[in-house]
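In what follows, a single structure is set out as structure tokens and then discussed.
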Amino acid sequence: MPEHPPPIARLRSLRSVTLRTTRCDDSAGFYNEVWGLRPVERDWGAVWLRGTGQEHHVLQLQQAEQNALGKVVFSVATPAEIDEAARRLDAHGVALVTEPGKLDQVGGGYGLRFGDPEGRLIELTANVEAVVPDDPDGHPAVPRKLAHVVLNTADIDNTCEFYTRVLGMRVSDWSEHQMAFLRCNADHHVIAFNQAPFPSVNHVAYEMPSIDHFMRGIGRLRHHGITPLWGPGRHGPGNNTFSYFADPGGLVCEYTSEVEQVVEDAWLCRVWRRTPELSDLWGTAGPPSKDVRAHMAGVPDPGYTAWWQG
Ligand SMILES: [Fe+2]
């Protein structure tokens, strides 16, 4: 008898993120006209946007009284794995928020939902509606897909334990005992946790197809009169480029590219010291300002039970 039940599923990718924002309409305009995502659906107080890749949508915005995480959505391969995940969640003592079944939502699919220990809503989905990639050659300097989401946590060890033990994610690297970078596929990280006084959204990163697209995207924002809060630069952990901006609601969004690809059987987790040389490999970005730190700290997230209505 193993000490712990096996992880609930093999997560294939980070599909999408839902952000609750005080400025849904303004932010939808920003993510469409400036950031480079395309709206696929609108409803009262909600907008769904896609990148050029194959995901039905990568971002959902929801009008809310305070900024918060709506949910994080991961893909699994089949509906049968969703059903098996429900049984294993039970074995882990994790209650379901939504039983496995067809999802009556934009993009459809088959899935289930549950909460993490700090009240983040997680959705696993399979059989989501297909879309044709917008731009196979990637000429416009717009995001292809979600790269990662970084979440502030009040207990990084307990949170990492949940995502590794229950969700089967692997820790790729630590940045001292301040940040943990977790993967579910070859991308160095699709989610990272940052130790903080309270849980909140730190930032959401979007993958540009190349470093040229990354720089041209920054250029397009400059033409809109928007300059980076931090960057451009290249991080040590993940070796990805970064440039951080604030959306109209004050949530932080990042353009990134060239994230390190992990060979699962060969990778060894490292601990990075938080020095300027290791955090900013090019030496172009300098240390993060008070302003970007305040945006990344955000406001305390009360968790999905504060607003979830089933
Ligand atoms: Fe990032």
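The values are calculated or read from the model by the stated rules, or taken from the named source; none is laboratory data. Small disclaimer: the values here were computed from a predicted structure and weren't measured. Cβ: placed from backbone, ideal geometry, glycine included. Neighbour counts: every protein chain shown. Note: areas computed on protein heavy atoms with side chains; ligands, DNA, RNA excluded. Shrake-Rupley method; radii C 1.70, N 1.55, O 1.52, S 1.80 Å.
Select from the range 193-209 the residues that are at pLDDT 95 or above and within 20 Å of residue 55 (Cβ to Cβ) and write down the one among them that is surrounded by the most Cβ atoms within 10 Å (Cβ to Cβ).
If we filter the range 193-209 for residues that are at pLDDT 95 or above, which is where we start, we get 193-208.
Subsequent filtering for residues that are within 20 Å of residue 55 (Cβ to Cβ) retains 201, 203-208.
Numbers: 201: 26, 203: 25, 204: 22, 205: 26, 206: 25, 207: 23, 208: 28.
It comes out as 208.
Is it the case that the range 148-156 has a residue that's acidic (Asp, Glu) and crowded, with 17+ Cβ neighbours inside 10 Å?
Within the range 148-156, the first condition is being acidic (Asp, Glu), and the residues that meet it are 155.
Narrowing further to those that are crowded, with 17+ Cβ neighbours inside 10 Å: none.
Scanning the range 148-156, I find no residue that is acidic (Asp, Glu) and crowded, with 17+ Cβ neighbours inside 10 Å, so the answer is no.
Filtering the range 278-293 down to residues that are outside any loop (DSSP other than H, G, I, E, B) and free of Cβ contacts under 8 Å to residues at least 12 places away in the same chain, which residue is nearest to the ligand (Cβ to nearest atom)? Working first, answer last.
Going residue by residue through the range 278-293, those that are outside any loop (DSSP other than H, G, I, E, B) are 278-279, 290-293.
Imposing the further condition that a residue be free of Cβ contacts under 8 Å to residues at least 12 places away in the same chain reduces the set to 290, 293.
Working: 290: 19, 293: 14 Å.
Per the stated criteria, the residue is 293.
Yes/no matrix, rows are residues, columns are (1) in a loop (DSSP other than H, G, I, E, B); (2) open to solvent by 10 Å² or more (accessible area, probe 1.4 Å):
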position: 71; (1), (2): no, yes
position: 93; (1), (2): yes, yes
position: 97; (1), (2): no, yes
position: 163; (1), (2): no, no
position: 172; (1), (2): no, no
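Can you spot a residue in the range 132-141 that is free of Cβ contacts under 8 Å to residues at least 12 places away in the same chain, more than 16 Å from the ligand (Cβ to nearest atom), in contact with a helix residue (DSSP H, G or I) (Cβ under 9 Å, 6 or more places away or on another chain) and part of a loop (DSSP other than H, G, I, E, B)?
Among the residues of the range 132-141, at least one is free of Cβ contacts under 8 Å to residues at least 12 places away in the same chain, more than 16 Å from the ligand (Cβ to nearest atom), in contact with a helix residue (DSSP H, G or I) (Cβ under 9 Å, 6 or more places away or on another chain) and part of a loop (DSSP other than H, G, I, E, B), which makes the answer yes.
Given the structure, is residue 104 in a loop (DSSP other than H, G, I, E, B) and closer than 26 Å to residue 34 by Cβ?
Values: in a loop (DSSP other than H, G, I, E, B): yes; closer than 26 Å to residue 34 by Cβ: no.
Answer is no for this residue.
Search the range 241-270 for residues that are more than 16 Å from the ligand (Cβ to nearest atom) and pair each with any residue that is hydrophobic (A, V, I, L, M, F, W, C) when their beta-carbon atoms are under 6 Å apart and the residues are at least 6 apart or on different chains.
The qualifying pairs are 248/30; 261/186; 262/186; 269/171.
With the requirement that a residue be in contact with an Asp or Glu (Cβ under 9 Å, 6 or more places away or on another chain) and either of a type outside the set (A, V, I, L, M, F, W, C) or away from the ligand (no atom under 13 Å from the Cβ) (or both), what does the range 142-158 give you?
142, 143, 144, 145, 148, 152, 153, 154, 155, 158
List the residue pairs whose Cβ atoms are under 6 Å apart, where the first residue sits in the range 190-203 and is over 15 Å from residue 68 (Cα atoms) and assigned to a strand (DSSP E or B), the second is at pLDDT 95 or above and more than 12 Å from the ligand (Cβ to nearest atom), and the two are 6 or more positions apart or on different chains.
So the pair list comes out as 191/182; 193/153; 193/156; 193/159; 193/180; 194/152; 195/156; 195/178.
For the range 107-146, which residues satisfy the criterion of being out of contact with any Leu (no Cβ under 8 Å at 6 or more places or on another chain) and open to solvent by less than 50 Å² (accessible area, probe 1.4 Å)? Please lay out each step first, then the result.
Our first condition is that a residue be out of contact with any Leu (no Cβ under 8 Å at 6 or more places or on another chain); within the range 107-146, this holds for 107-108, 116-119, 126-141, 144-145.
Passing the criteria: 107, 108, 116, 118, 119, 126, 128, 131, 135, 138, 141.
Return the total of residues in the range 28-45 being open to solvent by less than 10 Å² (accessible area, probe 1.4 Å) and either assigned to a strand (DSSP E or B) or of a type outside the set (Gly, Ala, Ser) (or both).
Total meeting the criteria: 3.
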